[in-house]
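Report on one structure; see the data block that follows.
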Amino acid sequence: MTRVSVFSSPLLLGFDHIERVLNQVNKTAAEGYPPYNIEQTGEHRLRITLAVAGFADDDLSVSVEDNQLVIRGRQQPEDNCNRVYLHRGIAARQFTRSFVLAEGIEVRGAEVVNGLLHIDLERPVPQPKVTQIEIKSAVKKKASPKTIELDPHK
């Protein structure tokens with residue numbers, strides 16, 4: 001079955017990267033662990049907060065890969081394997097959670113406080129840019145006639 005793209009119009013040149021981003025968003029939307037919040041903390045600032053109870057700072061990694069913010073968590077195996085759980089409701093599984101970042105978004109920092117991983121992002125204010133394009137003429141200029149002086153004494 002052939003998939004028709006919204007961005008296949010000849011009027012939308014160079015927008016194929018948007019289609020790839022939308023595909024990435026669809027893939028990551030199904031992830032449910034760990035739960036997270038996204039909040040606006042200022043006019044151009046955002047904060048992503050993930051619930052990472054049970055994970056130490058060394059168990060977590062935050063990176064930017066291409067245009068994605070990737071958070072990984074992997075707990076170290078427990079030394080005491082003799083525990084007998086009557087109920088185990090605290091997840092101890094590894095995870096990878098990714099967020100597609102818009103062009104220009106910068107990660108300002110990350111910290112763990114009370115079992116919550118806070119990642120601060122900043123969206124710089126775009127500066128308007130106008131570029132003047134020179135228009136070249138396709139009409140060839142005629143060569144100006146050259147004046148040849150004849151020496152009457154020769």
Count neighbours as other Cβ atoms within 10 Å of each site's Cβ, and list the chymotrypsin sites (Phe, Trp or Tyr not before Pro) in segment 53-112 that are DSSP loop with at most 13 such neighbours. 85
Calculated log₁₀ intensity ratio I(q)/I(0) where the Debye formula runs over C-alpha points of segment 34-122, q = 0.14, 0.17, 0.22 Å⁻¹: -0.54, -0.74, -1.12
In this structure, the FRET efficiency calculated for residue 64 and residue 130 from their beta-carbon separation, with R0 = 35 Å, to the nearest 0.05, is 0.70
Karplus couplings for segment 126-131 from phi (6.51 cos²θ - 1.76 cosθ + 1.60, θ = phi - 60°), rounded to Hz, Gly and Pro as x? x, 8, x, 10, 10, 10
Can you tell me the length gained on complete extension of the stretch residue 122 to residue 56, counting 0.36 nm per residue apart and subtracting the Cα distance? 21.2 nm
Please sort 125-133, 110-118 by packing, taking for each peptide the average over its residues of neighbouring beta carbons within 10 angstrom, highest first. 110-118, 125-133
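Rule-based calculations on the coordinates, nothing more; no lab input. Model, not experiment: these values are computed from the prediction. Counting neighbours? That spans all protein chains shown, and the Cβs are built from the backbone with ideal geometry, glycine included.
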